[in-house]
Amino acid sequence: MILSASQVDHKADPDRREGVIGNRPNPQAFLDQSPKLRLDVLDRLHDTSVLSATLFDRDLLVELAKLAAYLQLGKFPAAHALEDKILAAAFFEPSTRTRLSFESAMLRVGGKTISVADAKTTGVAKGESLRDIGQMFNSYADVVVVRHTEQSAVQELTEYLRIPLLNGGNGSDEHPTQALADWYALLKWRPEIAFGTIPDEFRLNIGIIGTPGNMRTVKSFLTLALLFPQNINHITIFSEMADPLGDEIRELTNASPIGIDFSQNLKQSLEYLDVIYMNAIAFLGDGYRFFGEEFMLDRDSKLKPDTVILHPLARGGELCTSLDETQHNLYFNQADGAVWVRQALLLSIFGRIRDVVPTTYLA
Amino acid sequence: MILSASQVDHKADPDRREGVIGNRPNPQAFLDQSPKLRLDVLDRLHDTSVLSATLFDRDLLVELAKLAAYLQLGKFPAAHALEDKILAAAFFEPSTRTRLSFESAMLRVGGKTISVADAKTTGVAKGESLRDIGQMFNSYADVVVVRHTEQSAVQELTEYLRIPLLNGGNGSDEHPTQALADWYALLKWRPEIAFGTIPDEFRLNIGIIGTPGNMRTVKSFLTLALLFPQNINHITIFSEMADPLGDEIRELTNASPIGIDFSQNLKQSLEYLDVIYMNAIAFLGDGYRFFGEEFMLDRDSKLKPDTVILHPLARGGELCTSLDETQHNLYFNQADGAVWVRQALLLSIFGRIRDVVPTTYLA
Amino acid sequence: MILSASQVDHKADPDRREGVIGNRPNPQAFLDQSPKLRLDVLDRLHDTSVLSATLFDRDLLVELAKLAAYLQLGKFPAAHALEDKILAAAFFEPSTRTRLSFESAMLRVGGKTISVADAKTTGVAKGESLRDIGQMFNSYADVVVVRHTEQSAVQELTEYLRIPLLNGGNGSDEHPTQALADWYALLKWRPEIAFGTIPDEFRLNIGIIGTPGNMRTVKSFLTLALLFPQNINHITIFSEMADPLGDEIRELTNASPIGIDFSQNLKQSLEYLDVIYMNAIAFLGDGYRFFGEEFMLDRDSKLKPDTVILHPLARGGELCTSLDETQHNLYFNQADGAVWVRQALLLSIFGRIRDVVPTTYLA
């Protein structure tokens, strides 16, 4: 290509260089509500596997988000905290986004990485027992992130591990660290979800487009939503499925005071939704199913002015790029925060928080 | 998955957390027999390629195992020893296990890694000359681990390299660093193999299930076994092949005082075997061949009480998991030790032993 | 393999260990012509994407080559300069050579890497928007190297990036950092190209075997050649194509005082060529086209005694290995230098030159 000077020189266009678009809540405003970190809470993660979002109660989620916010603000230099640790990324189902996010998080806190980008193509996946695979990771790494197409494989693998396992997505089951990124964005956006009690008339209405029963990101997101009954009014599930919850999730929602609605009419519901959680794909057996046009959002959708949209990305046609420049776009902030919340998680799992957090920040 | 608290929290079950099962010989007991490292011996590895197990004589194997044992015990902090070095992992034939083991070893001693997990799918393997590939590694790395489906490729590649090459498995030929891991486990299990003379009636009988002539791990293991004629009585090869040794290995075994037997009846021989070396796969041309039922071991096999089993893993059906919890299981220890013996090898090849070993440990 | 002692022990053969063959110009001799680095020039690279070779003018190319030469000579220890930076290698079209070269360069200056060796096989490439991919790299890395089969993708991606992008080859368009390596070799070979005015009768005649209009390495090499009109006499393009330049390149060459010739008869032209730039492959749509026998060179080709050959490697049959041992072979030096010039580029892009260069070396 023959480029003009401004095209050749990337930095010549300051507007494009700014780059960060959409809703960017301030981590400091979130921390101002509760500046002291509670180590007694975070210590519960020490040497612990993260299989399910059900591991987190409200305190643990909030304290982890606070640690992530401090890291994002650069308050605690943690660049050498995990220098003696190796993270193994074992992606039996490939996922560039999740793998790179974990690798980047590990490198940012000084750790090292070894990776299997696509275990499907290696002997590891061809009839090799999870027992022997577990033994391998015990010997080579200090923590292992696993993504697997089969729901049971991740749970079974922990039985053979001496090191913590982080579930990076197991079939249609769970994706707990994605849910941490989702809620890290929401808690920064509205700190009162974490720290206050929202007056009845302003309690949040959340819309989830997708099927918690068989979409892992949606399931893990909903699981964490149930931790905030005092501040969430209703959760509406928009799905084409006859039974979008499934038995497991229904058990959780039945035990919650938060009202759960079901609807197939997103457009009609937009006027009362404060948060909309979208997802490109329904994981149905071996394939993917895309939602129909009625579940698409664009700049002309009748959203309330302060409604925010979450999406784990990558997106399909369901989320129009015309929304990217608006304040509805919290999904870029959500993606940005993922790498910080994973750093916070890694520091906690290795029990290294005391090494990086000055005592003045401790409760 | 909806998990109970103990399922969610990995560390809640201390028995499972313990994790290490099977026979776990103590590295310290091994070192107590000969605590001083002989640098004059280890220096022979400086700047040297490891193509074949025949590189190692008895002294070199034993001193390398001693260095590995010290590293495993954490006696010498070596976490920054190779900070200025890059290891290239070049797997023209994919092998997750061997690749990650080398990468982990390099990272544990402070080095860095660049990797080709599956060179088959890249231009590198499509008619590109080994000469140009060698030139590439000369420029980008300080040591290269190569696995290749073709026996001759690894040897030929060294002709174009200015940096040491470690053979990570070349076709049906050799896998010398696997053999180092095998013997590191055995020497820890019975230090007298390395340091003493076992009385005639207790000299070891070793059974090898497989075909040294065309199985690289078996070939390299057998090559190192021949270094201990004073302590090994017989080696029995169990194979379905008419000529399991092949010409090259026969030349070695003919020159050795250790008796070599052949048998197709494993079960009948179990009563006298002290060590059994198994392997999942016979590498025959492009395919793999699995052994029949007569060569399988499980908890009901009539093993002597103190017999140990080695297996490079991953296993197929030939080695039943019912043996994992028994003292016959030395294969998990063997896998665990691989990463330590590879660290010892890397430190030796880069001539960095003096940098990490206090003089009090030197002979 | 049963090896003799000298085969087993790689270092036993000093001649082979020497290894570096071909023409090896001295970086110090190049620097002696102009020892002071001009930071005002190199600072132009700070925080800048490198999409096209047209980014470089004569001063910038020469100063970058000087920085590379200092790094190659080990004058400035830069091993920790980029410890807080992550390079993402995003290869939508696989290229082992280019990927490893960038990763190695980043590691040599202390940085860290995350990699997608073959994005074709991941969700990233399947209809995922470049917008979302850009957002991902913004969050996970500090600089991204991209190779892509589509010419426009790399340019488009920069629109969504807040971090610099280095074009690692985009379709049939450009490969600017390869051209930096090419010219780094040539400037060391003849420092007067950079610093002097070659007398008329000795000005260089360059032959390019290939089609600048649709071969990215050739296009980028030619673009940089046009920076030296006072020292280059003629450039002859040897190609089977009717219009080897194409409109874009013709615009550049028309504006240059350097004469451009076209020929299909390489052998007849050899007697007057000082530099020959070869390339294995013509990138034609989805396929590759190999040149015919008339464009091959070997030891019997009638080259002038001091003619040098460049080739980005890997080669096909067009460049015979019989030339490797001769002084015509500058291509191994060119490959060797690539990793140094990429280190210089990374240090400049991150504005870290002042951190590693002692003031005594600054203009």
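The values are calculated or read from the model by the stated rules, or taken from the named source; none is laboratory data. Owing to the predicted nature of the structure, the values given are computational and were not obtained by experimental measurement. No Cβ is skipped: glycine too gets one built from the backbone with ideal geometry, and neighbour counts run over all protein chains shown.
Of all the residues in region C:313-344, those that are part of a loop (DSSP other than H, G, I, E, B) and within 27 Å of C:Phe76 (Cβ to Cβ) number 1.
Within region B:193-230, if we keep just the residues that are among the charged types (D, E, K, R) and touching a strand residue (DSSP E or B) at 6+ places or on another chain (Cβ under 7 Å), the residue that is surrounded by the fewest Cβ atoms within 10 Å (Cβ to Cβ) turns out to be B:Arg203. Contact map, region A:263-275: first residue touching a residue at least 40 places away in the same chain (Cβ under 8 Å) and closer than 28 Å to A:Lys188 by Cα, second residue aliphatic (A, V, I, L, M) and part of a helix (DSSP H, G or I), Cβ cut-off under 7 Å, separation 6 or more or different chains; pairs are A:Val275/A:Leu186.
Evaluate the following for C:Glu248: is it closer than 26 Å to C:Val62 by Cα and part of a helix (DSSP H, G or I)? Taking the combined requirement at face value, the residue satisfies it.
Looking at B:Asp300, B:Asp261, B:Asp247, B:Asp286, can you tell me which residue is modelled with pLDDT under 90 and farther than 26 Å from B:Ala29 by Cβ? Of the residues listed, the single one that is modelled with pLDDT under 90 and farther than 26 Å from B:Ala29 by Cβ is B:Asp286. In region C:19-71, the qualifying residues are those that are among the polar types (S, T, N, Q) and crowded, with 23+ Cβ neighbours inside 10 Å, and the one that is farthest from C:Trp189 (Cα to Cα) is C:Ser49. The set of residues in region C:44-72 that are aromatic (Phe, Trp, Tyr) and under 17 Å from C:Ala363 (Cβ atoms) contains only C:Tyr70. Screening A:Thr149 on (1) at pLDDT 95 or above; (2) away from every other protein chain (no Cβ under 13 Å) shows it passes everything except condition (1).
Going residue by residue through region A:191-211, is there one that turns out to be under 19 Å from the mean Cα position of the chain (by Cα), of a type in the set (Phe, Trp, Tyr) and more than 12 Å from chain B (Cβ to nearest Cβ)? Looking through region A:191-211, none of the residues is under 19 Å from the mean Cα position of the chain (by Cα), of a type in the set (Phe, Trp, Tyr) and more than 12 Å from chain B (Cβ to nearest Cβ).
Restricting B:Gly111, B:Gly134, B:Gly74 to residues that are outside the structural domain of B:Ala185 (by TED's automatic domain parsing) and on the phi > 0 side of the Ramachandran plot narrows the list to B:Gly74. For region B:145-204, enumerate the residues that are assigned to a loop (DSSP other than H, G, I, E, B) and within 30 Å of B:Ile258 (Cα to Cα). Within region B:145-204, B:Gly171, B:Ser172, B:Asp173, B:His175, B:Arg190, B:Gly196, B:Thr197, B:Ile198, B:Pro199, B:Arg203 meet the criteria.
Here's the yes/no breakdown for (1) away from chain A (no Cβ under 11 Å); (2) modelled with pLDDT of 95 or more; (3) surrounded by fewer than 17 Cβ atoms within 10 Å (Cβ to Cβ); (4) under 25 Å from B:Arg108 (Cα atoms):
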position	(1), (2), (3), (4)
B:Gly292	yes, no, yes, no
B:Lys304	yes, yes, yes, no
B:Arg315	no, no, no, no
B:His328	yes, yes, no, no
B:Leu346	yes, yes, no, yes
B:Ile349	yes, yes, no, yes
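The residues of region B:142-192 that are touching a residue at least 40 places away in the same chain (Cβ under 8 Å), surrounded by fewer than 21 Cβ atoms within 10 Å (Cβ to Cβ) and touching a Ser or Thr at 6+ places or on another chain (Cβ under 7 Å) amount to a single one, B:Gly171. For first residues located in region B:21-36 and part of a helix (DSSP H, G or I), partners that are exposed (fewer than 15 other Cβ atoms within 10 Å of the Cβ) and lie 6+ apart or on another chain with Cβ distances below 6 Å form the pairs B:Pro27/B:Leu73.
I need a count of the residues in region C:155-184 that are of a type in the set (Val, Ile, Thr) and within 9 Å of chain A (Cβ to nearest Cβ). Final tally of qualifying residues: 2. Taking the criterion of being closer than 20 Å to B:Glu103 by Cα and surrounded by fewer than 24 Cβ atoms within 10 Å (Cβ to Cβ), the residues of region B:127-141 that qualify are B:Gly134, B:Asn138, B:Ser139. Kindly evaluate C:Glu93 against the criterion of being surrounded by fewer than 24 Cβ atoms within 10 Å (Cβ to Cβ), touching a residue at least 60 places away in the same chain (Cβ under 8 Å), of a type in the set (D, E, K, R) and within 26 Å of C:Gly213 (Cα to Cα). In short, yes.
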